[in-house]
Each structure stands twice: as structure tokens, then as C-alpha cells.
Amino acid sequence: MECPQCKLINPESAACCDCGYSFLSGKMEIPHVPVVSASKLPDALGAASGRKTPFLAKLGLVLAWGVVAAGCAVLLLSLLLKYWGL
Ligand SMILES: [Zn+2]
């Protein structure tokens with residue numbers, strides 16, 4: 001059967017489409033989003049946008065994630081040090 005949402009042809013036995021449309025309820029359900037780790041996120045974003053992400057943009061995203069991760073680590077460490085009175 002054809003999905004009315006994305007026009008993808010699905011097997012007759014399919015309960016829902018890849019886009020998240022449910023043939024049973026006839027409406028959009030939560031789409032099946034693959035779980036991606038933080039390090040894979042820039043790649044996932046590039047793939048989701050349907051275009052090739054330039055190397056520099058990818059590098060920038062990776063660096064941004066690194067800065068966020070480092071910031072969290074420093075914040076956590078300072079809280080722990082304060083907690084233990086060191
Ligand atoms: Zn669909």
C-alpha cells in the first residue's frame with residue numbers, strides 16, 4: 001500500500017511507514033528515529049538535511065560538541081570539588 005504521507009510503497013503487512021505514518025490509526029505516529037551517539041550526531045544531521053556536509057562545517061560541529069562536552073565536564077568537576085570542600 002502507498003503511504004499517503006510520503007508516497008512510499010509499503011508491504012501490505014506493514015503497520016506503519018518509515019516516515020512514521022500509521023496505517024492502523026491513519027495518522028502520524030512518532031517516527032522511528034535511530035539512536036545516535038553525540039559523536040555521530042554531526043553526521044546524522046548532515047544525512048538528515050539530505051546534502052553533503054562540507055568538511056569545515058562538520059569539523060565545526062565536532063568542535064562545538066567537544067566544547068560543550070568539555071564545559072560540562074569542567075562544571076561537574078568544580079561542583080564535585082565544592083561539594084567535597086577541596
Ligand atoms: Zn510514509
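The values are calculated or read from the model by the stated rules, or taken from the named source; none is laboratory data. From a predicted model like this one, the values you see are computed outputs, not experimental measurements. Positions of Cβ are backbone-derived with ideal geometry, glycine not excepted, and every protein chain shown enters the neighbour counts.
Could you list, ordered by first residue, the pairs with Cβ atoms under 9 Å in which the first is in the range 71-86 and modelled with pLDDT under 85 and the second is part of a helix (DSSP H, G or I) and surrounded by 10 or more Cβ atoms within 10 Å (Cβ to Cβ), at least 6 apart or interchain?
Between residues of the range 71-86 that are modelled with pLDDT under 85 and residues that are part of a helix (DSSP H, G or I) and surrounded by 10 or more Cβ atoms within 10 Å (Cβ to Cβ), the close pairs are L86/L80.
Anything in the range 20-37 that is at pLDDT 90 or above and within 9 Å of the ligand (Cβ to nearest atom)? List them, or say none.
Y21
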